Each structure stands twice: as structure tokens, then as C-alpha cells.
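Below is one structure, written out as C-alpha cells, with a few remarks after it.
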Amino acid sequence: MNSNAVIAIHGGAGTILRASMSASAEADYHAALHAVLSAGQRVLAEGGSALDAVSEAVRLLEDCPLFNAGRGAVFTAAGTHELDAAIMDGRTLEAGAICCVKRVRNPVLAARRVLEGSEHVLFTGEGAEAFAAAQGLELVEPEYFHTEARHRQWLLARDQQRAMLDHDGATLAAAPASNDDDPTPHEPIDPNRKFGTVGAVALDRHGHVAAATSTGGVTNKQVGRVGDAPLIGAGCYADDATCAVSTTGSGEMFMRMVAAYDVAAQMAYRNVSLQEAADDVVMNRLPKIDGRGGLIAVDARGNVALPFNTEGMYRGFARLGETPVTAIYR
Ligand code: ASP
């Protein structure tokens with residue numbers, strides 16, 4: 001049994017500034033990250049697989065409206081939601097992903113069903129929804145994903161006629177929520193510099209790694225736009241021989257850099273440590289093409305790397321028997 005079992009999660013990166021976040025919003029994020037890590041830790045402690053741990057962690061992050069995945073997802077240019085997710089098992093290199101779904105409550109569970117119940121890797125749109133329904137997964141009305149905070153964020157982006165990343169900034173955020181029951185974040189949302197995708201990576205007690213990523217994409221994105229999150233190798237990758245990786249940031253750049261796979265490839269071909277490979281991708285390679293964001297990664301020895309090149313990244317990790325560690329700023 002591997003005693004280094006560990007889970008790490010992220011809830012997006014971007015211009016997340018202490019000065020622009022209220023103490024209560026900050027506490028809400030820490031509490032949410034802590035609860036998700038504890039749940040993942042329980043799965044691992046009971047001998048569950050890394051795949052089970054990352055599925056459960058991302059499912060919980062999707063259900064939490066603080067993050068841009070599942071409920072709380074950002075709006076497209078048409079005022080709708082289109083969700084993407086991927087999951088990969090480092091033990092077998094099996095992977096599953098879905099993109100552009102509008103009614104699947106938990107995209108990560110659909111991705112998991114693709115991994116386990118299909119000969120394919122990636123389903124899109126209506127076909128993905130039909131597959132999820134046939135697998136017995138919960139479909140919801142599109143309004144389920146609607147939250148007031150994301151709606152305000154979208155109106156701002158639409159007025160500026162641009163696509164914006166989720167967690168960035170200062171402008172919109174300050175606007176008070178119209179409804180006190182609204183559980184969505186009250187921190188500033190700067191249209192340009194925030195990415196709220198969620199993800200998890202884990203090493204289980206059997207020595208296997210897995211990764212999962214789920215997102216609503218970027219605010220005001222064109223209908224049909226797909227980012228890095230559901231693309232194996234760009235937003236998600238796992239291989240026991242090297243590491244498991246989940247990314248968040250400007251998806252187009254992560255796709256062009258094949259960012260998640262590049263961390264694994266550098267470990268394999270350059271024989272560098274997890275930290276060195278992850279830092280090179282996030283701090284050297286992505287910035288060359290203006291790629292902003294970060295990633296979380298674990299290797300089969302239980303090393304954890306959480307680099308980001310933005311002001312902040314919602315993140316945390318938990319080892320068996322230890323209190324989860326959560327962080328937001330640099
Ligand atoms: N990478 C995601 C995308 O481009 C956005 C994010 O990380 O928030 O869809």
C-alpha cells in the first residue's frame with residue numbers, strides 16, 4: 001500500500017486579489033475547498049481509486065456555485081451555458097470527455113461514463129447528452145446552471161463585446177448580489193483575468209494516479225467554442241509513469257501548448273522532477289504565447305506541484321491523515 005496517497009484540487013486561477021475580496025467570500029472559498037478535499041481524502045483513505053477520488057472531488061466542485069463548472073457556470077454569448085469535462089485514469093491511460101453539453105448536471109460523471117462505458121473518448125453536444133441520459137445520469141433544465149453573479153458578469157462582458165475569463169477582476173464584482181439567498185461569490189469579477197474551471201488530481205494507496213477537469217468555459221464565449229478542459233493532453237492528463245495534471249487558464253493557449261501532456265512529457269523525456277516540469281510549462285512556456293493560468297499535478301511518488309502565473313489560484317491538497325491545506329493568493 002502506498003502511504004503517500006494525496007489529492008489536490010483547483011477552482012480556477014486569475015486576478016484574484018486580497019484587496020478585492022471580502023473576508024466572508026474568502027472564508028467561503030476556503031471552506032468549500034476544505035470540504036471537497038476532505039471528501040476526496042475519505043475516498044482515498046477507504047482504499048478507493050484515484051479515479052474515484054477525482055470524480056467525487058470534481059462532482060462536488062460542480063455542485064458548488066462558487067466555481068465555474070456545473071451550477072455556477074459562466075454564460076455564453078447567447079446567454080446559455082455550455083459545459084466541458086474530461087477525466088483520465090493513469091493506470092490504463094483510459095480517458096473520457098464531453099463538451100458543449102447544456103443539460104448534464106454533472107459533466108464529470110458523464111466523462112467518467114464515457115471512459116468506462118464507451119469505446120470512444122470524446123462526445124459533443126446532443127450526442128453527449130443522449131449518451132449521458134442512456135447511462136442513467138441526471139439531466140436538468142438549462143436554468144439549473146444560472147446564477148446571479150455569473151449573469152451580471154456576462155452582462156458586463158457582453159456590453160464590452162468580449163469573452164472573459166471567469167475569476168478576473170475588479171470591476172463587476174463589487175456590484176451587490178440582487179438576492180441575499182444567492183450563494184454565488186460576491187468578490188470582484190474582473191472580466192479579463194479570471195478562470196474558474198475546477199479540477200482534481202490524485203494518487204491512491206495502490207500507486208495509481210488520475211486527473212479530472214470541468215468547466216463552463218469563458219464568459220461570453222461564442223456558442224460552440226470548446227476550450228482546453230475536455231481535451232486530453234491540453235486540460236487533463238494522467239499516466240502512472242509520470243504524473244496526473246489538471247489545468248485552468250486561457251484555454252486556447254493551453255491547447256496550443258498541449259500543456260497538461262507537456263508536464264508528463266518533460267518528466268519522461270527530460271527526466272526532470274514534477275515541480276521542474278510543471279514550473280517550466282506554467283512559468284516559461286505558456287507566458288511566451290500569453291498563456292495565463294495554472295495547473296495542479298501529482299506524481300506516483302506523492303509529490304504535488306501547484307504552479308500558476310496569475311495573481312491567485314483557488315487550490316489545495318490533502319494527504320492521508322493530515323489536515324487539508326488550502327490557499328488562494330500567491
Ligand atoms: N481553461 C478554461 C477554458 O478555456 C477556462 C478556465 O480555466 O476557467 O475553457
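The values are calculated or read from the model by the stated rules, or taken from the named source; none is laboratory data. Nothing here was measured: the structure is a model prediction, and the numbers come from that model. Here Cβ is always computed from backbone atoms with ideal geometry, including for glycine, and neighbour counts include all displayed protein chains. Please note that ligands, DNA and RNA were not included when accessible areas were found on the heavy atoms of the full protein model with its side chains. Shrake-Rupley method; radii C 1.70, N 1.55, O 1.52, S 1.80 Å.
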task = Go through the stretch 316-328 and give me each residue that's in contact with a helix residue (DSSP H, G or I) (Cβ under 8 Å, 6 or more places away or on another chain) and closer than 11 Å to TYR29 by Cβ.
result = GLY316, THR326, ILE328
message = Condition check: at positive phi, open to solvent by 20 Å² or more (accessible area, probe 1.4 Å) and of a type in the set (A, V, I, L, M). Does LEU93 satisfy that?
response = yes
inquiry  = Residue pairs, Cβ under 7 Å, 6 or more apart or interchain, first in the stretch 44-69 and closer than 16 Å to ASN2 by Cα and basic (Lys, Arg), second open to solvent by 10 Å² or more (accessible area, probe 1.4 Å) and modelled with pLDDT of 95 or more. List them.
reply    = none
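Looking at the stretch 298-307 only, could you name the residues that are of a type in the set (A, V, I, L, M, F, W, C) and open to solvent by 10 Å² or more (accessible area, probe 1.4 Å)?
Within the stretch 298-307, ALA300, VAL304, LEU306 meet the criteria.
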message = Taking the conditions exactly as written (surrounded by 20 or more Cβ atoms within 10 Å (Cβ to Cβ) and at pLDDT below 95), does GLY169 satisfy them or not?
response = yes
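Conditions tested, residue by residue: (1) within 20 Å of GLY79 (Cβ to Cβ); (2) modelled with pLDDT under 95; (3) in contact with a helix residue (DSSP H, G or I) (Cβ under 8 Å, 6 or more places away or on another chain); (4) more than 16 Å from the ligand (Cβ to nearest atom).
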site	(1), (2), (3), (4)
VAL140	yes, no, no, yes
ARG150	yes, yes, no, no
TRP154	yes, yes, no, no
ARG158	yes, yes, no, yes
ARG162	yes, yes, no, no
LEU165	yes, yes, no, no
Which listed residue, of ASP28, ASP52, is away from the ligand (no atom under 16 Å from the Cβ), over 24 Å from ALA238 (Cβ atoms), of a type in the set (D, E, K, R) and crowded, with 18+ Cβ neighbours inside 10 Å = ASP28
inquiry  = Suppose we keep only residues that are of a type outside the set (A, V, I, L, M) and in contact with a helix residue (DSSP H, G or I) (Cβ under 8 Å, 6 or more places away or on another chain) within the stretch 50-64. Which one would you say is farthest from TYR144 (Cα to Cα)?
reply    = ASP52
task = Taking ILE7 as the residue in question, decide whether it is open to solvent by less than 30 Å² (accessible area, probe 1.4 Å) and within 16 Å of the ligand (Cβ to nearest atom).
result = no
task = Residue by residue through the stretch 227-261, note down the ones that are closer than 16 Å to HIS10 by Cα, away from the ligand (no atom under 11 Å from the Cβ) and among the β-branched types (Val, Ile, Thr).
result = VAL245
ask   = Here are THR326, THR310, THR248: which of them is open to solvent by less than 10 Å² (accessible area, probe 1.4 Å), outside any loop (DSSP other than H, G, I, E, B) and touching a Gly at 6+ places or on another chain (Cβ under 7 Å)?
value = THR248
ask   = Got a number for residues in the stretch 201-226 being crowded, with 22+ Cβ neighbours inside 10 Å, part of a loop (DSSP other than H, G, I, E, B) and away from the ligand (no atom under 16 Å from the Cβ)?
value = 1
